[in-house]
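Here is the structure we will look at.
The values are calculated or read from the model by the stated rules, or taken from the named source; none is laboratory data. Just so it is clear, the structure is predicted and the values come from calculations on it, not from any experiment. With ideal geometry, Cβ positions are generated from the backbone for all residues, glycine too; neighbour counts draw on all protein chains shown. Accessible surface areas use protein heavy atoms only, side chains included; no ligands, DNA or RNA. Shrake-Rupley method; radii C 1.70, N 1.55, O 1.52, S 1.80 Å.
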Amino acid sequence: MEVSLLIEELNNLRNIYNIEKETIIQTLEKILYNEFNMGEIVILNNRIYEKITKNNNSKLRKIRLSKKNINIIKDLLTKELNKISIKNKVKILKNKYFLNVIKGKIIGKNNFAYIIEFNGEIGFLYFNKSKKEYEIGDIDYFHINKIKYNDKELLVILDDSSSKITQYIIYNELSGIYIKKFFIKGKKIILYTNTKIEKKKIKELEEILVKKQIIIKDKNE
């Protein structure tokens, strides 16, 4: 009966961390090996078996664990799956956003940073790294500068000064228009393209990129 509780916990953890069943079993197998010197495991009919191989013959041995040991395993399993979940989340965040630029909302601040919400995630913009001052409720573009993580949590560090923000806005606003390259020189942004861009669109872009002048040049220059 005690082992069935462990299997129930495996299903709960799978739902909480959204981790593949195979990965959870491998993690459990690793814990059982480290803590109880067990080998490969198999789950059948709500029971956990250890696979024993001897003289090229294999058989399954039913695993019996005390409630105390099951609680130890559950704690270790939760910690390991949390680590895996955080690492998976880091991979997703690093590849999810074009140029690592996000549009976020200031939802608060602490003694060191603005707290920014974006797509259900939370990021932090340190005051000493911010080029602007924000009020609660302000919405702006930010760049994912760094993602830190430890065994317990993930920390997304943002900045609002990366040139990638400007690049993102240009590509986003001029969607479908081929931009070969662009340069930022002080308050001027020089775009190289052979596509005609309406003056109205350029004006709109300049308003978004506050205090920046857009200069269009032929891509062959």
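Annotations for the structure displayed:
- Cβ pairs under 9 Å, 6+ apart, first in region 50-65 and closer than 23 Å to Leu6 by Cβ, second among the small types (Gly, Ala, Ser) and in a strand (DSSP E or B): Lys51/Ser58; Ile52/Ser58
- Taking region 183-193 as the range and being farther than 19 Å from Tyr141 by Cα and surrounded by 13 or more Cβ atoms within 10 Å (Cβ to Cβ) as the test, the residues that pass are Ile190, Leu191, Tyr192, Thr193.
- Looking at Lys59, Lys51, Lys83, Lys68, just one residue is under 21 Å from the mean Cα position of the chain (by Cα) and open to solvent by 60 Å² or more (accessible area, probe 1.4 Å), and that residue is Lys83.
- The one condition in (1) over 30 Å from Lys129 (Cβ atoms); (2) out of contact with any helix residue (DSSP H, G or I) (no Cβ under 8 Å at 6 or more places or on another chain); (3) open to solvent by 80 Å² or more (accessible area, probe 1.4 Å) that Ile107 fails to fulfil: (1)
- Among residues of region 92-115 that are of a type in the set (Val, Ile, Thr), those with a Cβ under 8 angstrom from a residue that is open to solvent by 90 Å² or more (accessible area, probe 1.4 Å) and assigned to a strand (DSSP E or B), sequence gap 6+ or separate chain, pair up as Ile106/Ile139; Ile115/Lys109.
- Tallying residues that are open to solvent by 40 Å² or more (accessible area, probe 1.4 Å) and in contact with an Asp or Glu (Cβ under 9 Å, 6 or more places away or on another chain) within region 155-177 yields 1.
- Options Tyr171, Tyr134: the member that is in a helix (DSSP H, G or I), within 24 Å of Lys211 (Cβ to Cβ) and either over 19 Å from the mean Cα position of the chain (by Cα) or among the acidic types (Asp, Glu) (or both): Tyr171
- Restricting Glu22, Glu40, Glu29 to residues that are farther than 29 Å from Lys152 by Cβ and not hydrophobic (A, V, I, L, M, F, W, C) narrows the list to Glu40.
- Single residue of region 12-33 satisfying the filter (open to solvent by less than 100 Å² (accessible area, probe 1.4 Å) and within 16 Å of Asn69 (Cβ to Cβ)) that is farthest from the chain's Cα centre (by Cα): Leu32
- Annotation note: Cβ proximity below 9 Å between a residue of region 130-147 that is at positive phi and a residue that is surrounded by 16 or more Cβ atoms within 10 Å (Cβ to Cβ) (sequence gap 6+ or interchain) occurs for Gly137/Ile106.
- Members of region 194-215 found to be open to solvent by 60 Å² or more (accessible area, probe 1.4 Å) and without any contact (Cβ under 8 Å) to a residue 12 or more places away in the chain, listed by number: Lys196, Glu198, Lys199, Lys200, Lys203, Glu207, Val210
- Annotation for region 32-46: at least one member residue is among the hydrophobic types (A, V, I, L, M, F, W, C) and under 16 Å from Leu81 (Cα atoms).
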